[in-house]
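Colleague: Before I ask anything, here is the structure I am working with.
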Amino acid sequence: MSDCVRYPAPGCVVEYMEGNAVQIALVTEEAGGRLRLLLPNRRETRLNSSRLLPWLGPLHGADLGREDAVRLLEAHKKSREDLAAQVPVMDAWELAQGEVEIAPASWFAELFESDPGADHISAYGRALLACKSHFRFQPPDFQVFAADMVEKRLVEEKARLERESLIAGGAAFLRLLWEVACRKRELPQPPREGATLGEWPSQEVADQLAEVLFSRMVDPESQEYETIWRTLCKGLPDVPHLPLQLLVAWGKVPAHYNFWLDRAGYASGDTWWSECADEVHALAAAGREPLDAFARRGLEGVFENCDQPCISIDSATTRDVDDAFNVQAEGEGWAVTLMLACPALFWNFGGPLDKLVLHRGTSIYLPEGDCHMLPEALGHGGVLAAGRTGAPRPEGAGARGG
């Protein structure tokens, strides 16, 4: 027979929530709903009966000595914690699906136990309280969440845990990076695999931290990481381009990094076209076809063979020569032949590469390096560009013609 009781009389074992944790106590006095409780640490407290969790019992003698009462509480506490660890809470949720929307802890205990006692009911109550993604405590019962709600809450819980982990491990590391940026200290070496982390965050936290810093550097007005950024940079000075300085100190970007290209969505370097590599290689191959291939393409008469030597006014270091000329005496005057690159000759307008180039819009020439509008494989080496100074004749599709 169950040892649960309905009313918290003196000698009754009760539980209540304090600091988001279940606390166990023994009632020593009761008067008008006000209880005097003995705790396992031998201290006493007062509590309204309305704050008790809805599983009461068992009821022991009211004349227990303090030491006996403490030993009794410790035994019940250990028993309930051990039982709670064995509760099949996911099975309980599965069984409750389609059966009930709300039920007391005793209902769940009866699914698996025959005539459960107070310790068993408390164990199920503790397990359900801890499983906030699947149950919500609405005293005196537990609400059972539907599957779609559980999925949503699991995603939210994962995001919350990641956020807490990022704040706990990232704030201190940002302060370290600021000291490095101010040249007050050197950046410590990252830990070797299997070694203790020291001042470094875990790899997962480091990846998230880098994502936040890059996002704030590229778009400081973005609201995506606004809240977490304010928390992370507490105690750091409010200086312009703080994320950039921290990334430089971390070694994620070089000194004098041009973040304006990131803000404009303009990819630097020469790897931005890698997804269109097949199209680029086809263009390069087409640009090297012999002149008689133009007849096969229906371009006969459009281009003329030009065997004249050509001259370019570009410097000797120029790699993307796209125009040249030839000057010869002719009668009393001069005959000037212009040779111009024609990148559009084999171009697939509207294709994937065309859309990427359209987004780039232009080449950018900076002291630290150039960023080309076209893939360098097409703009250099005479594929879509004219021949070099002094070449017998221009090479490549774009250079043919007079």
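The values are calculated or read from the model by the stated rules, or taken from the named source; none is laboratory data. Predicted model, so just to flag it, every value in this text is computed and none were measured. Positions of Cβ are generated from backbone atoms using ideal geometry, with glycine treated the same way; all protein chains shown enter the neighbour counts. For the accessible areas, the whole protein counts, side chains as well, though only heavy atoms, and no ligand, DNA or RNA atoms are used. Shrake-Rupley method; radii C 1.70, N 1.55, O 1.52, S 1.80 Å.
Colleague: From Cα coordinates alone, what are the radius of gyration and Dmax values for the stretch 102-230 in angstrom?
Modeller: Cα-based Rg and Dmax for the stretch 102-230 come out at 22.2, 69 Å.
Colleague: What percentage of the solvent-accessible surface of the chain, computed with a 1.4 Å probe over protein heavy atoms, is contributed by carbon and sulfur atoms? Please list the in-between numbers first.
Modeller: Values: 12070 of 23360 Å².
Summing carbon and sulfur atoms, their accessible area is 52 percent of the total for the chain.
Colleague: Cβ under 11 Å from GLY125's Cβ, GLY125 left aside: what net charge do those residues give with Lys, Arg +1 and Asp, Glu -1? Don't skip to the answer; put the middle values down first.
Modeller: Details: positive: ARG80, ARG126; negative: GLU15, ASP119, ASP141.
That works out to -1.
Colleague: Let me ask you something else. Can you work out the FRET efficiency for the pair ARG66 and VAL100, with r the C-beta to C-beta distance and R0 = 35 Å, to the nearest 0.05? Don't jump to the answer; show the numbers that get you there.
Modeller: Values: r = 42 Å, r/R0 = 1.20.
E between ARG66 and VAL100, to the nearest 0.05, is 0.25.
Colleague: Run down the lysines and flag those whose C-alpha is under 22 Å from the C-alpha of LYS132, throwing out any fewer than 8 positions away in its chain.
Modeller: Excluding near neighbours in sequence, the set is LYS77, LYS152, LYS158.
Colleague: What accessible area per residue comes out for the chain, rounded to a whole number of Å², with a 1.4 Å probe?
Modeller: 58
Colleague: Here is a follow-up. Could you give the C-alpha radius of gyration of the stretch 36-108 expressed as a fraction of 2.2 N^0.38 Å, taking N as the number of residues it contains?
Modeller: Values: Rg = 16.1 Å, N = 73, 2.2 N^0.38 = 11.2 Å.
Cα-based Rg divided by the globular estimate yields 1.44.
Colleague: Now a separate question. Taking K and R as +1 and D and E as -1, what net charge do the other residues with C-beta under 13 Å from the C-beta of CYS276 add up to? Each step should come with its number before you reach the end.
Modeller: On the way: positive: LYS355, ARG360; negative: ASP270, GLU275, ASP278, GLU279, ASP354.
Local charge sum for CYS276: -3.
Colleague: Further question on the same structure: What does the convex hull of the alpha-carbon atoms of the chain project to on average, in nm²?
Modeller: Numbers: hull surface 140.3 nm².
Projected area, direction-averaged: 35.1 nm².
Colleague: Return the calculated 222 nm mean residue ellipticity for the chain, to the nearest 500 deg cm²/dmol, obtained by summing -39500 (n - 2.57) across DSSP H runs with n ≥ 4 and dividing by the residue count.
Modeller: Values: 13 runs with 149 residues, N = 402.
It comes out at -11500 deg cm²/dmol, rounded to the nearest 500.
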